[in-house]
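**Student:** Take a look at the following structure, please.
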Amino acid sequence: MTDGLSQLAQRGRRTRDIPPPRNPARTAPVQLAPAQPAPPPEATEAAEPQSSSPTPNVDQPAQQPDATPRAKPKTDLKVVTVYLEQDDDSFLETITHTGRTSQPKTAISRSAVVRLALERLHAQMSPEQIVDELRPRGDSTTTGRKRR
């Protein structure tokens, strides 16, 4: 009888070596060119010849700016924990599901719904009004964790 360790040594190595990478890691960071903003539509229209117009000196009415509100520029978001009751969580899931099944499909995150609610709350109530509204709902008058 032979020893099990000697049998393993006789078999040799059965796994293959991992080859070196074909593309080695970069030593210097890649410099990306800044994205060029698209030119405003007025600039592209002015550059096009207007051959369909019978008189080139006719003043055209100025375009009215859009009446739709512009989206706020994206800022860095802060990760926070929010505790919700089961009914509120189910409502958020229903909103997300409705966005997925509507036409056109829209990805609605729970965070987006909470941000919308906070924007509306900020527009409708002052911080003092919110505190006055929530004060009767509080369980205790103390802050911090319970002590034993």
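**Student:** From the gyration tensor of the Cα coordinates in segment 86-148, what semi-axes in whole Å does the equivalent ellipsoid have, largest first, with each one equal to sqrt(5λ)?
**Tutor:** Rounded to whole Å, the semi-axes are 32, 17, 9.
**Student:** Points 7 angstrom from Cα along the Cβ direction at D88 and E128: gap in nanometres?
**Tutor:** Result: 2.5 nm between the two label points.
**Student:** Can I ask one more? What is the spin-label model distance, in nm, from R100 to R148 if the labels are put 7 Å beyond Cα along the C-beta direction?
**Tutor:** Calculated label separation equals 4.3 nm.
Quick note: the coordinates plus some simple rules give every number you see, no bench work behind them. Keep in mind the model is a prediction, meaning the values are calculated, not measured. A quick note on method: Cβ atoms are made from the backbone with ideal geometry, for glycine too, and the neighbour counts reach across all protein chains shown.
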